[in-house]
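Following: one structure in structure tokens, then a few remarks.
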Amino acid sequence: MIFGWDISTSIIGITILTDQGAFVKSCYLDLRKCDGLLDKSHEVECLIYQFAKTYGQYDNIHFVEDRLGNFSKGLTSLQTLMTLAAFNSTVSYLIWQQFNVCTGMVKVVHLHLMTIKSVMKKMGLVIPKGANKKALTLEWVSLREPSFPVTLNKNGNPQPYCFDMADSYVVARTGHFKECSKNAK
């Protein structure tokens, strides 16, 4: 199984693909009401434990977006960068630890933002400068995967977690592409 993780301290998006790249599911974990990183980490650990119980019998590769790649323009405070880096590392460790308990072997791979952009461009997702990246990504994923869950709010707009799930789909799809490319050599 291939997992794609879009990790943030507010909402985590997760997408699961088969080894052949077939869409299994996308879901999310809303952490906005949790207090502090320890509470958030505990919630994530509980979710990962459930995934490990459900998918632990398969070989699993978990692809995690390297969140700091998004902040290369110097527009984010050092405190925010440190918090994101710590949480990304914590969640990556929890994935590794929980799946190792169930399978004895798991792989966690961090993908740089430029790698994801490059692979997605090859697959037809091109984001023009100044465009709404989140909206275009969600639209692209929804067209590609008709069963991708999109929930609308009372104003007819996608719920915030839909964007995180779409980002996790892109991470999973990039991971699948990289695995196929590596195995083709």
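A short reminder: the numbers here are calculations on the coordinates, not readings from a lab. This is a predicted model, so every value here is computed, not measured. Here the Cβ positions follow ideal geometry from the backbone for every residue, glycine too, while neighbour counts run over all protein chains shown.
Using a 10 angstrom cutoff on alpha carbons, build the Gaussian network for the chain and name the most mobile of Gly21, Gly156, Gly36.
With Cα springs under 10 Å in the chain, the top fluctuation among Gly21, Gly156, Gly36 is at Gly156.
Debye sum, Cα scatterers, region 5-65, no solvent: what log₁₀ I/I(0) at q = 0.14, 0.15, 0.16, 0.23 1/Å?
Result of the Debye calculation: -0.43, -0.49, -0.55, -1.02.
Mean Kyte-Doolittle of at least -0.5 and a Cα length of 20 Å or more along the axis: which whole DSSP H helices of the chain meet both?
Answer set is 36-55, 78-103, 160-184.
From the Cα trace of region 2-184, what convex hull volume per residue do you get, rounded to a whole Å³?
129
Subtracting the Cα-Cα distance from 0.36 nm times the residue separation, let me have the gained length for Thr151 to Ser181 in nm, one decimal.
7.4 nm
Counting other beta carbons within 10 Å of each Cβ, put His110, His62, His42, His176 in order, fewest first.
Listing His110, His62, His42, His176 from fewest to most nearby Cβ atoms yields His42, His110, His176, His62.
Among DSSP bridges having both ends in the chain, what percentage is antiparallel? Round to the nearest 5.
So the antiparallel bridges in the chain amount to around 60 percent.
Quick check for me: using +1 on Lys/Arg Cβ and -1 on Asp/Glu Cβ, what's the dipole size of the chain about its Cα centre, in debye to the nearest 20?
Roughly 640 debye for the chain.
Hey, if you put +1 on the Cβ of every Lys and Arg and -1 on every Asp and Glu Cβ in the chain, which of Ala86, Ile127, Thr9 ends up farthest toward the positive end of that dipole?
Result: Ile127.
In a GNM of the chain with a 10 Å cut-off on Cα contacts, which of Gly175, Gly56, Gly13 has the highest mean-square fluctuation?
Gly56
Ignoring everything except DSSP H segments at least 4 long, calculate the 222 nm mean residue ellipticity for the chain; use -39,500 (n - 2.57) per segment, divide by total residues, nearest 500.
Calculated at 222 nm, the ellipticity per residue is -17000 deg cm²/dmol.
For a quick check, take a GNM of the chain with Cα springs below 10 Å and name the residue from Tyr55, Tyr28, Tyr169 with the largest mean-square fluctuation.
Checking each option, the largest mean-square fluctuation is seen for Tyr55.
Suppose a student asked you for the relative contact order of region 1-135, using Cα pairs under 8 Å spaced at least 6 residues apart; what percent would you report?
Normalised by residue count, the contact order of region 1-135 is 25 percent.
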